[in-house]
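Since the structure comes first, as structure tokens, the remarks are kept for the end.
The values are calculated or read from the model by the stated rules, or taken from the named source; none is laboratory data. Computed from a predicted structure; not experimentally measured. Virtual Cβ from ideal backbone geometry, glycine too; neighbours counted across all protein chains shown. Surface areas here come from the heavy atoms of the whole protein model, side chains and all, with no ligands, DNA or RNA. Shrake-Rupley method; radii C 1.70, N 1.55, O 1.52, S 1.80 Å.
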Amino acid sequence: MLSNIRIVLIETSHSGNIGSAARAMKTMGLSHLYLVNPKQAIDEQAIALSAGADDVLKNAKIVPHFNDAVADCSLVIGTSARLRHLQNTLIEPRECGEKVIQASKCGQIALVFGRERVGLTNEELLKCHYHLTIPANPDYSSLNLAMAVQLVCYELRMAFLHQQSLPVSTIDNVDTNVDTLATAQELEYFYQHTEQLYTRLKFIHNQGVMQKLRRLYHRAQVEKNELNILRGMLSTVEKALK
């Protein structure tokens, strides 16, 4: 299960944070690190602060864009501040750990951490199924990147250990339909198709409509066969217009 989970760091500014995040991951049994357009390369400082987790750094995948890091994932969770417009999708670390371990049995999962100073963009947040918030002291909620990664990875490990302690019959009977969920890339194709058609029909006049539709479909956890039906409906409408 843990091998299906990746930690994604977006445009990290300090190489030391990459090394410290790798250390946090390895102590909790995670090994797949994705770096999206890092501002500094993995250097001596990163290796030093990884404190023996240099294998995680060596195998880290460096990609240019957010979409490249999550394309094959059926569940994407982004970290965020407690934003009002995300209330329906906010989860805390413990619930996040349970959801991720459950979903990781049959699919690829991404936990995304934003830039040190400004976090994730609104566009990136819209591409996440859930938004992870850490209920820190409101009077002093300052957590550096590696601390946040460590805290989340700890909850993942605790959920994983709990799952391992369950009777085999209980685990076997758990719903495993997550293997049929549409991936992030498949959903992106659908959103592009939807936006093109609805704009042509003059239904979409601003980006607010697509933002709401994205949140709707993310909450629905669309399966691959359901997505095929939705795309088939769009194609049928296009043919009728022609």
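Below are the figures for this structure:
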item: Test result for N206, surrounded by fewer than 13 Cβ atoms within 10 Å (Cβ to Cβ), modelled with pLDDT under 90, closer than 25 Å to Q108 by Cβ and out of contact with any Pro (no Cβ under 9 Å at 6 or more places or on another chain); result: no
item: Single condition L197 does not satisfy, out of (1) more than 25 Å from the chain's Cα centre (by Cα); (2) open to solvent by 60 Å² or more (accessible area, probe 1.4 Å); result: (2)
item: Meets criteria (of a type in the set (G, A, S), under 26 Å from N122 (Cβ atoms) and open to solvent by less than 30 Å² (accessible area, probe 1.4 Å)) for A71; result: yes
item: Boolean, G52 is touching a residue at least 60 places away in the same chain (Cβ under 8 Å) and either open to solvent by 10 Å² or more (accessible area, probe 1.4 Å) or assigned to a loop (DSSP other than H, G, I, E, B) (or both); result: no
item: Residue match in the range 106-118 (condition: open to solvent by less than 60 Å² (accessible area, probe 1.4 Å), touching a Phe, Trp or Tyr at 6+ places or on another chain (Cβ under 8 Å) and aliphatic (A, V, I, L, M)); result: yes
item: Number of the exception - K26 against (1) open to solvent by 10 Å² or more (accessible area, probe 1.4 Å); (2) in a helix (DSSP H, G or I); (3) in contact (Cβ under 8 Å) with a residue 60 or more places away in the chain; result: (3)
item: S13 vs. criteria surrounded by fewer than 20 Cβ atoms within 10 Å (Cβ to Cβ), closer than 15 Å to E116 by Cβ and among the polar types (S, T, N, Q); result: yes
item: Residue match in the range 86-94 (condition: within 11 Å of the chain's Cα centre (by Cα) and open to solvent by less than 10 Å² (accessible area, probe 1.4 Å)); result: no
item: Residue within the range 36-49 that is touching a residue at least 12 places away in the same chain (Cβ under 8 Å), of a type in the set (K, R) and out of contact with any Phe, Trp or Tyr (no Cβ under 7 Å at 6 or more places or on another chain) present; result: yes
item: Any pair with Cβ under 9 angstrom, 6 or more apart, that starts in the range 146-168 at a residue that is within 22 Å of A46 (Cβ to Cβ) and open to solvent by less than 80 Å² (accessible area, probe 1.4 Å) and ends at one that is hydroxyl-bearing (S, T, Y) and assigned to a helix (DSSP H, G or I); result: A146/S20; V149/S20; Q150/S20; Q150/T27; C153/T27
item: Residue in the range 176-184 that is loosely packed, with under 15 Cβ neighbours inside 10 Å and at pLDDT 90 or above present; result: no
